[in-house]
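Contents: one structure, followed by commentary.
The values are calculated or read from the model by the stated rules, or taken from the named source; none is laboratory data. Just so it is clear, the model here is predicted, and its values are computed rather than measured. All Cβ positions, even for glycine, are placed from backbone atoms using ideal geometry, and neighbour counts span all protein chains on display. SASA here: full protein model, heavy atoms, side chains in, ligands and nucleic acids out. Shrake-Rupley method; radii C 1.70, N 1.55, O 1.52, S 1.80 Å.
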Amino acid sequence: MRSTSWKRSLLLMMAVAILAVMATACGDDDSGAASGSESTPDEPGEVEAGGEMTVITQSEPRTLDPASNTNANSTGGPVMSAIFGHLFIIDPETQEFVPGIAESLETTDDGTTWELKLRDGVEFSDGSPLDSEAVKFSWERMLDPELASSARGTVTKMTSITAVDPLTLEIVLDEPNPHWLHHLLYEPLQWIVPPAAVEAAGADFANDPVGAGPFILDSRTPGSEMVFRRNPNYWDSGKPNLDELTISFNPDGQQAFDAVSVGQSQAFVNPSDLLVREAEGAGMEVTQFEMIGGVNWLMNAALPPFDDVRARKAVVAAVDPQVINETVFQGAIEWPSPLIPEWSPLHDPIELAEPDVEAAQALFDELAAEGTPVEFTISAATTSESQAMAQSIQTQLATFDNVTVNIEELDAAQWAQKVFAEKSFQMVNAGTNTLDPEPVFFDWWHSSGSRNVTQLNDPDMDAALERGRNATDVETRTEAYAEFVEVLNEQAPAIWVYRKNQSVLHEPDVTGWVLYGNGTPIFDDLAFTS
Amino acid sequence: MDHPSDLEEMPATDVAPTGGEELTGSRATSVASTRSVRSSTAGRFFVFKIGRALLIVLAVTMVTQWLLGLAPGGVAAAILGENATAENVAELEATLGLDRPFFVQYFDWLGGVVTGDLGTSPVNGQAVTDRMSDALPITIELVALSMIFALALSIGTGMLAARSPNGVVDRFVGWLTSGALAVPTFVLGPVLLYALAVQNPIFPVTGWEPLSEDWGANLRTAFLPALCVALPEFAVFQRILRADLVGTLEEDYIDAARARGISERRILIRHAFRPASISLVTITGLSMGRLVGGTVVVESLFVLPGLGRLLQGSILTRDLVTLQGIVVLVAIVYVVLNLLVDLSYGLIDPRIRTRGGR
């Protein structure tokens, strides 16, 4: 018995193992796996009125006060857009002004004085009027340091905000900028709050917000989801289409994808490019728009080793973004060259610098011979994409002599501290992504820009960016930005990796997705089709 | 040594009589004085335990504040994000009172706690007690459900295994528990999700349905996460129980019971289980205490808005106020549970009581 009892246990183990493997392998195939579906339906079905939809986003806004939220699909954009709506957008495809609560925003001179005209009769969900005083109030409160508003810098640069009449607001800037209206696409300035309700509620407004958007917050499970019901008082009568909208939060992209594929949700905002590619094969559709510029890795030009332009050029010449594309993104991304693509009116065919292995090694050798070999740490974010890109850069540079690369991981708090407060990083993951170069190119690359963390101080680059800002005709601006790219190639402050798309992934019977700015959705037209 | 042949029927040879006897004379006096000594000892026991617990909570919260302060980047930087210029950070820190010395901040916070105010989070502007009272029921449900799973599985398989040590069932279960111990939660979770939520949509992929709304849907959302938590606990529970049962079954009074003709089944359930469960009770108490703060991985995997995720979020955003609230709660839970476990020993096994044990 003794000698055969272990054999019996072994047989038993094997039997169980085989059963377990069979159980997980056999399962229903994914239902609805259509082959070769396109991103637009063959025949638009009829739009159904009403309905309840669930949309997944990656992160929950930490507060419901719009002043404290950033206007992006990866942060508070979707929820704020549901509650507070929008003043206007610029259509990413036609580049045209599309009115919302605001009918127009135009400069009356060279870009110093601006006039915002509001639609008549817009009310907040509590019945109070949305007028120019409300806009003035909403913007001025963003100056309060306790709200930590991302628009504080922009409002600080307004010399005056005047409610000329209930439907007209006059804004005077401290410096002219004929393209200033683009600021509003990327900032919480879109979201207007009712002065009376805010003053009455005080800090509690952040938990119980009142807005003029298409939806009203009905219930909330912190950490999980928010449920909204349609605002019967919405300025666009007949909209929104949906009766109920649930926005749920899931930081895991794959899980969000799975939730849509099994029908637990109808849409997922801001999927990665890899998931976008999988979506089309899994019977889902993608609505997206492309931005100019791209995702990049910035080098700190104020600290060694990258205070020496040769070190920067060496790294840019050594790292091949196509290799990153293949190893990290399985070919799903596109190198952002030319920096301003063809569909943009400001397109110029000037390309970004291509990799050049010999030139790179020569520079690394030169610097080592001088006694300062290139050695640096890449500060990756906690996302798997960021880490994978960092590893690809490190691996590629390992094939060169006289260069040493380390990787560290920064969580959001460390990243904000190291990159923006201290500017003590050496290489960090960032992006210059926008519809029009203004204001984003200026913010990141002008020596006085609010996000110029590379601390590059090149007078030619500054001049080009200033020309691009102050000119209004397309030719001058196109030339200016072409010069900007030339200087980028000379100064090599960044490795440009891929073109950023703002996307939403959804079931085929969902229609009416409109995205703007940093991918923030507008929910007015969202509907089911039959 | 006392070996009751049947723990229920044997009168407890307690120092003080258990019931209804008339006492006279010197025996009465000596019993009475013993009683008063015991009650003041019990009183001192409680005071000592609670005093020690408070000291532990103080020490833990002080260390927490110190540790979080070591992490690079503060809550001001976390809130400001891309606007975290050095000036903005300094200004926000001054507004939030974060530029004050360590002990000033600590005692300011402690002063609030003593009056029941755990403070307001600078990150989300909500009272910490509100946030925690939203998150806690979810974690408690998760822990309770997983303990039920773990105990049911471990008691069932433990008893089966102990009936014939080294037999087929015992070895099979031993292999199962090795597997459950070896597979990390962050592997188990996605595998369960894939098998039971994506490939076969039996359970939802993500999210949490509150109990108050629809308990059926709630159980569906809780099942996989609870299973994920339960399996490693089950493995430990089962092994401990099995070892204790096997040991208990070898004691003389069990032979005596067999000799009296009591069935194996009754012996196992009625006679052996209770004394053998002492270690199991101890470890269940420890597990529950640990799990109240330890469900971070499962809650993150399944996106459950419980205490674990609140804890993780507060560390990532350097939200000390929320973190301290959770630390205080977990410390209190741990202490209370251990106290209950200590008290329960006397209930489970009267032999402990008779020996004048704790």
Overall dimensions of chain A by Cα: Rg and Dmax, Å: 25.7, 100
Segment A:356-400 versus segment A:300-323: alpha-carbon centroid distance in Å: 8 Å
When the scattering of the protein assembly as shown is computed by the Debye formula from its Cα atoms alone, each counted once and equally, what is log10 I(q)/I(0) at q = 0.05, 0.06, 0.09 Å⁻¹? -0.37, -0.52, -1.03
Averaged over B:301-313, how many beta carbons belonging to a partner chain fall within 10 Å of each residue's beta carbon? 3
Could you provide, to the nearest whole Å², the per residue accessible area of the protein assembly as shown with probe 1.4 Å? 44 Å²
If you line up the Cα atoms of segment B:89-188 on their principal axes, what length do they span on each, largest first, in Å? 69, 27, 24
Acute angle (nearest 10 degrees) that the helix B:168-182 long axis makes with the longest principal axis of chain B, alpha-carbon atoms: 20 degrees
For A:E354, what charge total do you get from the other residues with a beta carbon under 14 Å from its beta carbon, if Lys and Arg give +1 and Asp and Glu give -1? -3
Would you list, by chain and number, the aspartates and glutamates whose Cα falls below 14 Å from the Cα of A:K117, excluding same-chain residues fewer than 8 positions away? A:E103, A:E106, A:D131, A:E133, A:D165, A:E170
In the P(r) worked out for segment A:93-175, what percent of Cα pairs fall beyond 15 Å? 63 percent
Span from the segment B:46-64 Cα centroid across to the segment A:457-530 one, whole angstrom: 56 Å
Expressed in angstrom, Rg and Dmax over the Cα atoms of chain B are 25.8, 84
With x for Gly and Pro, the residue-by-residue ³J(HN,Hα) of segment B:114-130, computed from phi through the Karplus equation 6.51 cos²θ - 1.76 cosθ + 1.60 at θ = phi - 60° and given in whole Hz, is 4, 8, x, 9, 7, x, 10, 6, x, 6, 10, x, 9, 5, 4, 4, 5
Above 19 angstrom, tally the Cα pairs of segment B:192-341 and express them as a % of all pairs, no decimals. 67 percent
What number, rounded to the nearest 500 deg cm²/dmol, is the helix-based mean residue ellipticity at 222 nm of the protein assembly as shown, given -39500 (n - 2.57) per DSSP H run of at least four residues and division by all its residues? -14500 deg cm²/dmol
Could you work out the local net charge near A:N406, counting Lys and Arg as +1, Asp and Glu as -1, over the other residues with Cβ closer than 15 Å to its Cβ? -2
For segment A:359-480, give the percent of accessible area contributed by carbon and sulfur heavy atoms, probe 1.4 Å, rounded to a whole number. 46 percent
In degrees between 0 and 90, to the nearest 10, how far off the longest principal axis of chain B does helix B:25-70 point, with axes built from Cα atoms? 30 degrees
Collect residues whose amide H, placed 1.01 Å from N in the peptide plane, falls under 5 Å from the amide H of A:T434; neighbours closer than 5 in sequence don't count. A:I292
Residues from segment A:128-152 losing no less than 30 square angstrom of accessible surface in the full protein assembly compared with the chain alone, 1.4 angstrom probe, ligands and nucleic acids excluded, are A:P145, A:E146, A:A148, A:S150, A:R152
Say the cut-off is 28 Å between C-alpha atoms; which of A:K239/A:K500; A:K136/A:K500; A:K136/A:K423; A:K313/A:K423 go over it? A:K239/A:K500; A:K136/A:K500; A:K136/A:K423
What total accessible surface area, summed over both chains, is buried at the interface between chains A and B, computed with a 1.4 Å probe and given in Å² to the nearest 100? 3800 Å²
Segment A:56-126 to segment B:159-192: how many Å between their Cα centroids? 57 Å
